[in-house]
Each structure stands twice: as structure tokens, then as C-alpha cells.
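What follows is a set of notes on a single structure, which appears directly below.
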């Protein structure tokens, strides 16, 4: 009678190479799809944030006799007028006369794309608006005369459309 030999337990080199190749193929397929999805999410976030900002400006304009917020070209005033309570003249406060707003109760959204990603600042101007990516704390550019607001970046989305012309 022959004795059975003990077989070694574990993986041999060929089996390990096959597993590594399979993992590599799966990664090569999955990683680009995941990065495209993340890019698409950032595009959607910019569109949603711009819609919220534009709606806030439009509502302020409608409730304040055709005056846009930030008429003194001050970022601080603009943010206070959009995030706090105002009277009919745009003065901020907490008295019974301050019946309008807040239009952006969660504050100014952070820019989600470009070199100024994460910036919540707003540059208020009387012309333009035009992009200035050197101002790293500025996420949005706003024209206090026309109510136009854009993302402060020259980057483009997946379709090649500039975020500044959304």
C-alpha cells in the first residue's frame, strides 16, 4: 500500500500572476469611469450653486424695488444681504422691519472646481463679471449693476464649456 503524499497548501506563482492581471484589468476599466463620474458631479455642483446664487439675487431684486444686493460694491454687504434679514432698503438687522430674506440661509456655497476650489468669497464689481483666478479666496464674481454672477475659474467641463459661461 502506498502512502499519500502531502500536497503543499497555498498559491503557486502562476495563480498569483493571473490574479494580479485580473485586478489590473478591472482597475483599468473602473478608474476612468469613477473619475468621469466625479467630474460630472463637480459640473452638476457648479450648475446647482450658480442656480442658487442667481435665484437669491433675483428674489432680492424683486423684493427690494429693483435694486440688486451689494450696491456699495462690498463683499461683506452683499453676503450680509443674501444670508441675513433685510428691510426694504437693503439694511440688515433683526428688527420687525427686517422682513426679507435670508436668501442663502446656508451661506455662500464654495466653488467646487478649478484652482479656487473651496473658495466662498465673492468679488463685487460694476462691470463684467470677469474671471480673476489669481484671487484665490474668490469663488464667484458678481456684477452689482446687472445681477450677473459667474464662477471664478477659466476651467472647462467635460463638454469643453467654460464654467465661467454657465
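Reported count of residues in the range 62-89, each being more than 23 Å from residue 111 (Cα to Cα) and not in a loop (DSSP other than H, G, I, E, B), is 3. Looking at 108, 21, just one residue is under 30 Å from residue 157 (Cα atoms) and at pLDDT 90 or above, and that residue is 108. Being more than 20 Å from residue 110 (Cβ to Cβ) and either surrounded by 13 or more Cβ atoms within 10 Å (Cβ to Cβ) or free of Cβ contacts under 8 Å to residues at least 60 places away in the same chain (or both) is a condition met by no residue of the range 38-57.
Of all residues in the range 76-113, those being in contact (Cβ under 8 Å) with a residue 24 or more places away in the chain and under 20 Å from the mean Cα position of the chain (by Cα) number 13. Taking the criterion of being surrounded by fewer than 17 Cβ atoms within 10 Å (Cβ to Cβ), free of Cβ contacts under 8 Å to residues at least 60 places away in the same chain and closer than 26 Å to residue 32 by Cβ, would at least one residue in the range 127-147 satisfy it? No, there is no match, as no residue in the range 127-147 is surrounded by fewer than 17 Cβ atoms within 10 Å (Cβ to Cβ), free of Cβ contacts under 8 Å to residues at least 60 places away in the same chain and closer than 26 Å to residue 32 by Cβ. Scoring residue 127 on the criteria (1) in contact with a helix residue (DSSP H, G or I) (Cβ under 7 Å, 6 or more places away or on another chain); (2) under 17 Å from residue 165 (Cα atoms); (3) part of a loop (DSSP other than H, G, I, E, B) leaves a single failure, condition (1).
Scanning the range 149-166 for residues that are more than 13 Å from residue 114 (Cβ to Cβ) and surrounded by 13 or more Cβ atoms within 10 Å (Cβ to Cβ) yields one hit, 149.
The values are calculated or read from the model by the stated rules, or taken from the named source; none is laboratory data. Because the structure is predicted, anything quoted here is derived from the model rather than measured. Here Cβ is always computed from backbone atoms with ideal geometry, including for glycine, and neighbour counts include all displayed protein chains.
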